Every structure is written in structure tokens, then in C-alpha cells.
There are 2 protein chains.
Amino acid sequence: MQFHFDFISPFGYFASLRIDALAAQYGREVEWRSMLLGVSVLKVMGMKPLMETPLKGDYLRREFARYVRRRGLVLRRGVDDPVMDPRSSGRAFHWTLAHQPQLAKPLARAIFHRYWVVGEDLSSPESVAALAPPGLESDALLAAIRGEESGRLLRAAVEQSMQQGVFGSPTVAVDGELFFGVESFATLEEWLSCGGW
Amino acid sequence: MQFHFDFISPFGYFASLRIDALAAQYGREVEWRSMLLGVSVLKVMGMKPLMETPLKGDYLRREFARYVRRRGLVLRRGVDDPVMDPRSSGRAFHWTLAHQPQLAKPLARAIFHRYWVVGEDLSSPESVAALAPPGLESDALLAAIRGEESGRLLRAAVEQSMQQGVFGSPTVAVDGELFFGVESFATLEEWLSCGGW
């Protein structure tokens, strides 16, 4: 199964904390796929950013706060804080996935943590390269983020996610089905537990 | 607690089949509140109808089909069938709620069933008046749907739902919180079972 997420999506972050454990319960492996909602998908959908949408934005603020309370999370970043440019993170992720696939998830977890829990802005290639996990040199990652290949890989990945029908973060793709939103995890778990319906 | 729905919303219909039983498990009563998403809310949000939104529309088609399979529902109406004008239903519901409140839920259930299960178009006042539950004369309901008061009640109700932050169907309001979507029922149940967090 695949887990599609945007690093700047709070519910994508929340899902990243649970998806591997949930899948493992049912003997499934999860491939992580970062994408860019703001830059690409909302444009295709003809929508403005969700936090700026009347009514919906307020709902998401409340849902975010409720989720944080429920799970006892401690975050230095709120949903109305300035948003980072996610391209350095996306380039780093997809370059790592292509060249050292076993390091892609550790890198993604480090990015999520640094952005949401520590609250650091990760727009610059340097800030992301500093998160290179053991086995990957920061200098090599920095050169990759700045290079042409990582941009190409990221664009192709975003395009591929959209062609699978992914339009939001998080989205889990499994058995030909899509499950959007962390609220769909209960249904996803039911799907995994009974093998679909 | 309050259950806000639009008669033309498939997930509003699905929620209507479960909300009272769910609430009763935790000793709660549910007030039903019909609203008009297409006419009012989407305009405020600056959004087009969800089924016409690229990617999102396709997701909703799949989610609808999956839900129907999962619950073994048999419906004569699909999400891409022509949509009724929901104003006769909304007027009938809110007039009944104001004058014979104990009959509002039976009327709403009859409308939902006739529209989604039987597949009948209920745009006309006559088709809705024919669904008057025992205790309410069809002629009286027809006059009410055509009258000025029911239009005023419906507009006020839609406005009130939006002022509470409701932007989609179904939305459950309880303890100052909103839970949007039938997928949020698992979280709603957790909320009800532990009294919030």
C-alpha cells in the first residue's frame, strides 16, 4: 500500500505517526510518497488553499486542535503559521527514494518532526540537507536537492499521485482503493482487517 | 446534539441511518436540521459542486460505491443522477419542525428514503406533501410548502447552520464541537463515549 502526503499538511503529519503501525498489524508494507498539494493539485481542482476557505478553514482549525489534544501531541507549529516552501523537502525525499530507498522514510520522519514538532522552517536546501539520516552525507543530499534530477523526480511523483486520483493529504492507496483523510483510518483498518468488500 | 444534513447529500442520507442509534448508545438526543449546501454554503465558500471538482468528484464516486457495498444498501439513485431541487423538502421539514416537532424526523426519514432508495424526484411541493407522516395532512403540508412562512423558516435555518460553522453534510454539532462527514463518526463515538477531551 502507498501513503501519499504533503510535508506541510498537518493531517499528513498526524497520519505519518500511525500508518506503519496500522499496516503492520495486518501484515502490510507501506511505501511513502510525498507530493505537493498547494503547488499542483489545488490548481487542477480549481480550489484555493483550505485554510483560506470560509467555514472549512475554521473547521480545520478546530479539528487540528482537537486531534492534538486527543493524542497529547506537543507541537511548536500551528496551522496558521507561515508555511514553508515544501520543494526542498520533496526533492530530498524523492532523490533519496530513488538512490537509497531504505533511507527515504527516516528522512521523511525527520522532516515531519523538525517542521511540526520543532517548528523549524525547512524551505532552504541547507535546512533539509542537515536532516540527512545516517548513511547519507548532508553534502551529497544538498547537492541532490540543488540538482536537476531531484526536481524531475519530484514533478514525476506529483504527477503520478494525481493520476492515481490523490487530491489531499493524507491519502492511502490500497487494493485499488483510496482512503482520504486521517478520519478515514477507521474505515481503512476495517478494510485491511476483512480484506475488502 | 444536532445533526445537520442536506437531503440531496448521499453521505447525509447514510448518516441519517445511524445517527440516532449512535447517540442513544450514549444517552444523547439528536435534533435534526436540514440545510441547503448547493444554494447557500458553496457560494459562501467560493466552491463549485463537489461532484464537478476534478479528482475530488471521482473520489466521492468511489467512496459512495464503497460505502453502499459495505453496508449492503440497495439504492435506486446514484451520485451522478440529476439532483432534485431540495427546497420543497427543506420548507416542509422546517415548517413541520416549527408546528409539529415530533413529526419532523419521520418526515425527514420519509424524504430521504423516497429520494435515495426509491429514486423519486421530490422537487415539486406535491411530491413532498405526499410523504406527510401520520398526524399531518398532506393538504396542510402542501399549503405550508407553498406558503411564505416555510421559506422564511428554511432561510433562517440555513443561516443558523452556517453561523454554527456547518459547511458540509453530514455535520454533527455536540458539546461545542463539530464533526463533519460520516467518516468522522468513529471520532464522534469516541467523543461521546469518553465525554470529550
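The values are calculated or read from the model by the stated rules, or taken from the named source; none is laboratory data. What you are looking at is a predicted structure, and each value in this text was computed from that prediction instead of being measured. So basically every Cβ, Gly included, is an ideal-geometry build from the backbone, and we count neighbours across all protein chains shown. Note: areas computed on protein heavy atoms with side chains; ligands, DNA, RNA excluded. Shrake-Rupley method; radii C 1.70, N 1.55, O 1.52, S 1.80 Å.
Here are the numbers for this structure:
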quantity	calculated
Tally, over the stretch B:133-165, of residues that are within 28 Å of B:VAL182 (Cβ to Cβ) and part of a loop (DSSP other than H, G, I, E, B)	3
Odd one out for B:GLN2, checked against (1) touching a residue at least 40 places away in the same chain (Cβ under 8 Å); (2) open to solvent by less than 30 Å² (accessible area, probe 1.4 Å)	(2)
Those residues of the stretch B:20-37 which are buried (at least 16 other Cβ atoms within 10 Å of the Cβ) and either under 21 Å from B:MET84 (Cα atoms) or touching a Leu at 6+ places or on another chain (Cβ under 6 Å) (or both), in sequence order	B:TRP32, B:ARG33, B:SER34, B:MET35, B:LEU36, B:LEU37
Selected residue [more than 10 Å from chain B (Cβ to nearest Cβ) and surrounded by 14 or more Cβ atoms within 10 Å (Cβ to Cβ)] from A:PRO106, A:PRO82	A:PRO106
Single condition A:PRO54 does not satisfy, out of (1) more than 12 Å from the chain's Cα centre (by Cα); (2) open to solvent by less than 70 Å² (accessible area, probe 1.4 Å); (3) at pLDDT 95 or above	(3)
Among the residues listed as B:ARG91, B:ARG69, the single one being modelled with pLDDT of 95 or more and surrounded by fewer than 17 Cβ atoms within 10 Å (Cβ to Cβ)	B:ARG69
Count of the stretch B:122-143 residues which are of a type in the set (Val, Ile, Thr) and loosely packed, with under 15 Cβ neighbours inside 10 Å	0
Test: B:LEU73 is within 14 Å of another protein chain (Cβ to nearest Cβ), more than 30 Å from A:GLY46 (Cβ to Cβ) and out of contact with any Phe, Trp or Tyr (no Cβ under 7 Å at 6 or more places or on another chain)	yes
Residue under evaluation B:GLY168, criteria (1) in contact with a helix residue (DSSP H, G or I) (Cβ under 6 Å, 6 or more places away or on another chain); (2) buried (at least 23 other Cβ atoms within 10 Å of the Cβ), criterion not met	(1)
Within the stretch B:127-147, tally of residues that are closer than 20 Å to B:MET35 by Cα and more than 15 Å from the chain's Cα centre (by Cα)	10
Pairs, first among the aliphatic types (A, V, I, L, M) in the stretch A:169-180, second in a strand (DSSP E or B) and modelled with pLDDT of 95 or more, C-beta under 6 Å, six or more apart	A:VAL172/A:PHE3; A:VAL172/A:PHE179; A:ALA173/A:GLN2; A:LEU178/A:THR171
Any pair with Cβ under 6 angstrom, 6 or more apart, that starts in the stretch B:54-80 at a residue that is more than 16 Å from B:GLU183 (Cβ to Cβ) and ends at one that is of a type in the set (A, V, I, L, M, F, W, C) and part of a loop (DSSP other than H, G, I, E, B)	B:LEU55/A:PHE167
Residue tally, condition at pLDDT 95 or above and on the phi > 0 side of the Ramachandran plot, over the stretch B:177-197	1
Residue check, A:ALA110 farther than 30 Å from B:ALA65 by Cα and not β-branched (Val, Ile, Thr)	yes
Whichever residue in the stretch A:94-103 is more than 19 Å from A:ILE19 (Cα to Cα) and polar (S, T, N, Q) and, among such residues, is surrounded by the most Cβ atoms within 10 Å (Cβ to Cβ)	A:THR96
Filtered residue count, the stretch B:166-197, keeping only those that are within 16 Å of the chain's Cα centre (by Cα), at the interface with chain A (Cβ under 7 Å from one of its Cβ atoms) and not in a helix (DSSP H, G or I)	4
Residue count for the stretch A:16-65, restricted to those that are within 13 Å of chain B (Cβ to nearest Cβ) and either in contact with a helix residue (DSSP H, G or I) (Cβ under 8 Å, 6 or more places away or on another chain) or closer than 22 Å to A:VAL166 by Cα (or both)	25
Single residue of the stretch A:150-164 satisfying the filter (open to solvent by less than 30 Å² (accessible area, probe 1.4 Å) and touching a Lys or Arg at 6+ places or on another chain (Cβ under 8 Å)) that is nearest to the other protein chains (Cβ to nearest Cβ)	A:SER161
Meets criteria (open to solvent by 10 Å² or more (accessible area, probe 1.4 Å) and not charged (D, E, K, R)) for A:GLY147	yes
Any hit, the stretch B:111-118, residues being of a type in the set (Lys, Arg), buried (at least 18 other Cβ atoms within 10 Å of the Cβ), modelled with pLDDT of 95 or more and assigned to a helix (DSSP H, G or I)	yes
